[in-house]
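One structure is given here, and the rest of the page talks about it.
The values are calculated or read from the model by the stated rules, or taken from the named source; none is laboratory data. Small disclaimer: the values here were computed from a predicted structure and weren't measured. Here the Cβ is made from the backbone with ideal geometry for all residues, glycine too, and neighbour counts use every protein chain on show. Surface accessibility is based on the protein's heavy atoms, side chains included, excluding ligands, DNA and RNA. Shrake-Rupley method; radii C 1.70, N 1.55, O 1.52, S 1.80 Å.
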Amino acid sequence: MTELATTTQAPAIELEPSVWILESGEDYEGGSIRGVYTDRDLAADDFLDLVRDLARYYSLDVDRSGGDPATCDLYVHGGCAWISLTRYSVATRRQLR
C-alpha cells in the first residue's frame, strides 16, 4: 500500500528571513527590547517569564491581550505595562541588490 505525502505550502511571511523581538514597556512611556530570537519557540520561555512577572503586580487585561493569528505575534497588557513578541522581516543582501 502506497501512502501519499501531503505537503502544505508555508505562507510567504514564514519564508522571509525574520527575527522575533521581545519588548516590554509602559503605556505612553515607551519600551525596551528584552531579546531578539531567530525562532518564536526560542522566545517562548522568556515571554512567559515576563508575563508571570507582570501578572504578579497587575491583573492582566484580557481585552487588550492576545495574539494575531495571521502573524503569530503575541501581546499582553496589565495595568499600564505591556509585553510584546513580534516578528520583523530582515533585509538580506539578495534583497538589497
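Considering segment 39-64, and only residues there that are of a type outside the set (Asp, Glu) and under 11 Å from the mean Cα position of the chain (by Cα), the residue that is farthest from Tyr75 (Cα to Cα) turns out to be Leu42. Determine if segment 17-35 includes at least one residue that is in a helix (DSSP H, G or I) and either surrounded by 10 or more Cβ atoms within 10 Å (Cβ to Cβ) or modelled with pLDDT under 90 (or both). No; the residues of segment 17-35 include none that is in a helix (DSSP H, G or I) and either surrounded by 10 or more Cβ atoms within 10 Å (Cβ to Cβ) or modelled with pLDDT under 90 (or both). Selection of segment 37-68 for residues being modelled with pLDDT under 90, surrounded by fewer than 15 Cβ atoms within 10 Å (Cβ to Cβ) and of a type in the set (S, T, N, Q) yields only Ser59.
Residues considered: Thr71, Thr86. Of these, the only one that is within 15 Å of Arg40 (Cα to Cα), touching a residue at least 12 places away in the same chain (Cβ under 8 Å), open to solvent by less than 70 Å² (accessible area, probe 1.4 Å) and part of a strand (DSSP E or B) is Thr86. Does Leu48 qualify as being touching a strand residue (DSSP E or B) at 6+ places or on another chain (Cβ under 7 Å) and in a helix (DSSP H, G or I)? No: the conditions fail for Leu48.
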